[in-house]
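Contents: one structure, followed by commentary.
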Amino acid sequence: MENKVNRLIEDFHKVFCKTEELILKKTLEKLTLNEFRIIKTIGMQKILINELSQILQVTMESMVVSLNNIEHKGFIEKMQNNEDRRKVYVKLTDKGIESLKIHNTLYKKILKKLLIVYQIRN
């Protein structure tokens, strides 16, 4: 029974990730899953780039490259701390906030549909 549940969870996760990736490519200006993961982590807060890097467990160099891409697409903005110019914050733009809302709505719809499919199958 436990193996069946584990397989079901793995299958669900694979299908969900693939579905989410396809939706992102079609609806949110071709954001990658990694880029959207960063947007979700930023959420509605202003966060230091080094903190974001630690949370997502990626190097600062890698984080800066990703953030530059996301900023270029208009989803985030960077701000320097006035007291310590070495500290740089990021926050979502209006476009980033809207993308988060779209994602959350789609996420809920996908989750409902997948749960219905799995209930029918089992």
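The values are calculated or read from the model by the stated rules, or taken from the named source; none is laboratory data. Everything numeric in this text was worked out from a predicted model, so none of it was measured. Glycine gets a Cβ as well: all are built from the backbone with ideal geometry, and neighbour counts include every protein chain shown.
If you take the residues of the range 69-82 that are assigned to a loop (DSSP other than H, G, I, E, B) and polar (S, T, N, Q), which of them is nearest to the chain's Cα centre (by Cα)? Checked the range 69-82; the qualifying residue nearest to the chain's Cα centre (by Cα) is Asn81.
Just the residues that are modelled with pLDDT under 80 and not aromatic (Phe, Trp, Tyr), please, taken from the range 110-122.
Scanning the range 110-122 gives Ile110, Leu111, Lys113, Leu114, Leu115, Ile116, Val117, Gln119, Ile120, Arg121, Asn122.
Scanning the range 95-109 for residues that are modelled with pLDDT of 80 or more and over 17 Å from Lys14 (Cα atoms) turns up Lys95, Gly96, Ile97, Glu98, Ser99, Leu100, Lys101, Ile102, Asn104, Thr105. Pairs linking a residue in the range 34-51 that is at positive phi to a residue that is part of a helix (DSSP H, G or I) and of a type in the set (A, V, I, L, M), with Cβ atoms under 8 Å and 6 or more positions apart or on different chains, are Gly43/Leu100.
The set of residues in the range 52-68 being assigned to a helix (DSSP H, G or I) and either of a type outside the set (A, V, I, L, M, F, W, C) or under 14 Å from the mean Cα position of the chain (by Cα) (or both) consists of Leu52, Ser53, Gln54, Ile55, Leu56, Glu61, Ser62, Met63, Ser66, Leu67, Asn68. Somewhere in the range 83-96, is a residue within 19 Å of Met44 (Cβ to Cβ), in a loop (DSSP other than H, G, I, E, B) and in contact (Cβ under 8 Å) with a residue 12 or more places away in the chain? Yes, the range 83-96 has at least one match. For the range 2-18, the condition of being outside any helix (DSSP H, G or I) and touching a residue at least 12 places away in the same chain (Cβ under 8 Å) holds for none of the residues.
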